[in-house]
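Since the structure comes first, as structure tokens, the remarks are kept for the end.
What follows draws every value from the coordinates through simple rules; no lab data is involved. Everything numeric here is computed off the predicted structure, so don't read it as measured data. Counting neighbours? That spans all protein chains shown, and the Cβs are built from the backbone with ideal geometry, glycine included.
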Amino acid sequence: MRLNNYIGFFRIFITLILAMCLRVMPISGDVAMLNPDWVLLALVYWTLILPERVGIFHAWSFGLLTDVLTGRLLGQYALAYSLVIYICLKFHKRLRQFPFFQQGLFIFFCLLLSQLLLFFIKNLQHPAQLHATFWLPVFTGTLIWPLVYGLLRFVSSFKVLK
């Protein structure tokens, strides 16, 4: 049983590290605007599936790591991820009962909340305008959610051979 706990933790950690790599991967200018927040999508998945294992501490830790790797103000991604994961923890039992379409709407609002919070913090530092490209990561993240869900569900379903 203890081996399964370590392997389960290892799966979660590896998927979050891979999501972090996708987040900071160098992409050309036009495609970079479409890059969804992979780390937040992975955190939301693991929070909905295993709320007793992945929570606000993980969101805060990976948020700080995202801040450092992207060169943003220290704590802004940590705050956004923690707030979204708190909401996911609050509603995870209800969300499991929802149809996939309604879960997609929930993901849309989670990504939108994160994006709005990041824009608000950026606007506090120096005034910024809200461009049409602001919405693109939210839409692409919502559209890619079924793929992320299916892929992470496949990874989490592997059984450990003894």
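Placing +1 on the Cβ of every Lys and Arg and -1 on the Cβ of every Asp and Glu, with no other charges, gives the range 83-162 a dipole of roughly 480 debye about its Cα centre.
In a reduced charge model with +1 at each Lys and Arg Cβ and -1 at each Asp and Glu Cβ, the chain shows a dipole moment near 680 debye about its Cα centre. At 25 °C and 0.890 mPa s, grab the translational diffusion coefficient of the chain from Stokes-Einstein with a Kirkwood Rh over Cα pairs, rounded to a whole number in µm² per second. Translational D for this selection: 150 µm²/s. Choose one answer from His58, His131, His92: the residue with the largest mean-square fluctuation in a GNM of the chain with alpha-carbon springs under 10 Å. Ranking His58, His131, His92 by mean-square fluctuation puts His131 first. Rounded to the nearest 500, the 222 nm mean residue ellipticity of the chain from helices alone is -25500 deg cm²/dmol, with -39,500 (n - 2.57) taken per DSSP H run of at least 4 residues. Taken as Cα centroids, the range 41-73 and the range 74-129 sit 12 Å apart, rounded to the nearest whole angstrom.
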